[in-house]
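To start, the structure under review is shown below, and the notes come after it.
The values are calculated or read from the model by the stated rules, or taken from the named source; none is laboratory data. All figures in this text were calculated on a predicted structure; none of them were measured in a lab. Neighbour counts are summed over all protein chains in view; Cβ atoms, including those assigned to glycine, are modelled from backbone coordinates with ideal geometry.
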Amino acid sequence: MLHIYRQITSLQRVEPFVIAQKREEAARYPFERIAVVGKPGTHFARRFWFKQMRDTPWQVSPGEVRKLTGILAEIKAELLHIYFGHIAVHLLPLIQAWSKPSVVSFHGADVMVDLDKPAYRAATQQMLEAVRLVLVRSESLGRALINLGCPAGKIRLQHTGIPVDDIPFRTREWPDKGAWKFVQACRLIEKKGLRVSLRAFAKFAARHPAATFTIAGEGPLRNELGRVAAELGVADKVFFPGFISQNQLRELFYQSHIFLHPSEVGGDGNQEGVPNSMLEAMASGLPVFATEHGGIPEAIENGRSGILVPERDDTALALALLERTANPEGLAAIARNGAEVVRKHFEQTGQTRQLEDYYLEAIG
């Protein structure tokens, strides 16, 4: 994930070493200090045994623990940082076997999924007890973990770092004749609220037929979203470019007028921290229309640095879009304030320094 790569490669006071199951796109994301440890031949059988026969989260085997602790000893590691809470649950035997401290970070999707199952909840609680610190991307995720039983004293707020100098603010010129260009960039999954985006856009386009909507990204909802756009009568106004590069995404932001991100809690409990694409859009100068969901209100003050509506309410989103586009000068102020919030609270250098402080705290 790009935000993790940015975080790792910006560290200055500590020397990172990465252990991963596989390596992809090494030319695009160069990094030398890495060990690739593939899944053992027994992985799928072991996973089936845990999930289907015992209804518990699978965990690494004693042989895998020996291999991983051997790597940690060889590189003289002082701290283990496990990205994503559900991965840390699978690695609980490693956390317990290794003699030095571990930290885990939660990003959103890894907080509440499957925790309605007693065995999964218990395993997560064991993991939270075993690690030294718990990093969360938003205060709302921290509250969810406290409700799960994590001691508040272990939790540290660690925002995603946004390289704001690479995404300079640009003032938008508002369109004539209602030719508004909307954009949403994300993985095409339920919690991103894409169905709400399409329904709200269809209501907006009924008043402004020249409006268009670009949904950048890939995911399991792609075909369904195309059908929804057709059913709403806006298929000719909605574009799906698929996955695009960071440079292409940046240019798409600069060519657009409004960013949509009406996140919602998924059916499996999946929720947002603070969406990276939303923060990058704000940094670029796009006014953001989102929802009162997860960590989003920690980045957006409604009416000042963005617009927030209730989850799953396409009518409220459409009305907000119609009202605000009737006053573009108000949108300009929202865009400036949003960019300032990102620069002040989410800028990459400051967040990297904060992460290093947490590492050094955990090492003691």
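The residue of the stretch 310-349 that is modelled with the highest pLDDT, among those that are of a type in the set (A, V, I, L, M, F, W, C) and farther than 21 Å from residue 256 by Cα, is 316. Restricting the stretch 240-290 to residues that are farther than 23 Å from residue 137 by Cα and among the small types (Gly, Ala, Ser) leaves a set whose member that is surrounded by the fewest Cβ atoms within 10 Å (Cβ to Cβ) is 245. All of 163, 168, 175 fail the test of being modelled with pLDDT of 90 or more, touching a helix residue (DSSP H, G or I) at 6+ places or on another chain (Cβ under 6 Å) and not basic (Lys, Arg), apart from 163.
Restricting the first member to the stretch 238-259 and to residues that are closer than 12 Å to residue 286 by Cβ, and the second to residues that are in a helix (DSSP H, G or I) and of a type outside the set (A, V, I, L, M, F, W, C), the beta-carbon pairs closer than 6 Å and six or more apart or on different chains are 253/284.
In the stretch 41-89, of all residues being under 28 Å from the mean Cα position of the chain (by Cα) and among the basic types (Lys, Arg), the one that is farthest from residue 120 (Cα to Cα) corresponds to 47.
Filter the stretch 184-195 down to residues that are surrounded by fewer than 24 Cβ atoms within 10 Å (Cβ to Cβ) and in contact with a strand residue (DSSP E or B) (Cβ under 8 Å, 6 or more places away or on another chain) and give me whichever is nearest to residue 252 (Cα to Cα). Ranking the qualifying residues of the stretch 184-195, first place goes to 186. Yes or no: residue 317 surrounded by 15 or more Cβ atoms within 10 Å (Cβ to Cβ) and assigned by TED's automatic domain parsing to the domain that holds residue 177? Considered against the rule, which asks whether it is surrounded by 15 or more Cβ atoms within 10 Å (Cβ to Cβ) and assigned by TED's automatic domain parsing to the domain that holds residue 177, residue 317 comes out as yes.
Condition check: of a type outside the set (Phe, Trp, Tyr), in contact with a Ser or Thr (Cβ under 8 Å, 6 or more places away or on another chain) and part of a loop (DSSP other than H, G, I, E, B). Does residue 40 satisfy that? For residue 40, the condition - of a type outside the set (Phe, Trp, Tyr), in contact with a Ser or Thr (Cβ under 8 Å, 6 or more places away or on another chain) and part of a loop (DSSP other than H, G, I, E, B) - is met.
The set of residues from the stretch 249-276 being at pLDDT 95 or above and either touching a Phe, Trp or Tyr at 6+ places or on another chain (Cβ under 8 Å) or more than 18 Å from residue 188 (Cα to Cα) (or both) comprises 250, 251, 253, 254, 255, 256, 257, 258, 259, 260, 261, 262. Pairs are defined by a Cβ separation below 8 Å, a sequence spacing of at least 6 or placement on different chains, a first member in the stretch 66-94 that is in contact (Cβ under 8 Å) with a residue 40 or more places away in the chain and over 20 Å from residue 14 (Cβ atoms), and a second member that is β-branched (Val, Ile, Thr) and part of a helix (DSSP H, G or I); the pairs so defined are 85/111; 85/124. Residues of the stretch 128-148 that are within 16 Å of the chain's Cα centre (by Cα) and either at pLDDT below 90 or not basic (Lys, Arg) (or both): 135, 136, 138, 139, 140, 141, 142.
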